[in-house]
1. Search the range 44-67 for residues that are at positive phi and pair each with any residue that is among the acidic types (Asp, Glu) when their beta-carbon atoms are under 9 Å apart and the residues are at least 6 apart or on different chains.
2. Residue check: is residue 30 touching a His at 6+ places or on another chain (Cβ under 6 Å) and not small (Gly, Ala, Ser)?
3. How many residues, within the range 147-180, are of a type in the set (S, T, N, Q) and free of Cβ contacts under 8 Å to residues at least 24 places away in the same chain?
4. Suppose we filter the range 143-169 for residues that are of a type in the set (S, T, N, Q), surrounded by fewer than 14 Cβ atoms within 10 Å (Cβ to Cβ) and either modelled with pLDDT of 95 or more or touching a Ser or Thr at 6+ places or on another chain (Cβ under 8 Å) (or both); how many remain?
5. Where residues in the range 23-33 are surrounded by 18 or more Cβ atoms within 10 Å (Cβ to Cβ) and out of contact with any Pro (no Cβ under 6 Å at 6 or more places or on another chain), which of them is modelled with the lowest pLDDT?
Amino acid sequence: MYQTELSGKHYELGTSGFLYRSNKLMYDHETKSFWSTLQGQPVVGPLVGKDIALRQRYVVTTTWGQWKKRHPETTVLSLDTGHRRDYGEGVAYKDYFATDELMFKVPDEDKRDKRLLNKEEVIALRDDDSQLAISAKFLSRHPVYADKLSGKNIVILTDQSGANRVYDSQDTVFKSYDGVSTAIDTSGTSWTVNESELTVGSKSLMRLPAHRAFWFGWSAQFPNTRLVK
């Protein structure tokens, strides 16, 4: 997810139907330039080379039940669209997800990073200097996980639905998380877990941009990524 207004200009994006390294390319309606979904930058067309990079935002992958418990006033798109299509969970790509085979080839497939299976999910983080991928399975076994990204201390909190939320932990070290609304640091202080930040009193630790990705797509785009599994 990206903030699509940059320097006072709004970029209206859609899905192009084209892929690069088996990753979907977006396009902007005005210039028809193609944009990388993993970089938030134009990669083909008239906007290339104009120093455009959209600000990345955080995304959480969770269940509808867990999300609604946290946010009961949430609205959701109806499955009653007026079109005859089965929108049931997993229907559209059931056969694709049943194997580890890819639908489309990636460059140098014989050199593919095989530290994880193609379609294993990772939590993907990046900044201007480095990229970090952490196995979702690993995080499910470590609901409070601390690491660094370009020298910045981070903590990842994972609830029972498998949802991962990443925060800038600064100098705070966390030891436990109830999976809902409270994380406790090593001094015994309880922090409130919100979508945008961790808070205690007047102090807050901000949420960091992160999202789920398939290993084959992330590693093809960022071959030098650090992996935790």
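1. 45/28
2. So residue 30 does not fit the description; no.
3. Count: 3.
4. Selection size over the range 143-169: 1.
5. 23
The values are calculated or read from the model by the stated rules, or taken from the named source; none is laboratory data. Since the structure is predicted, the reported quantities are computational estimates derived from the model, not experimental observations. We place every Cβ from the backbone using ideal geometry, glycine too, and count neighbours over all the protein chains shown.
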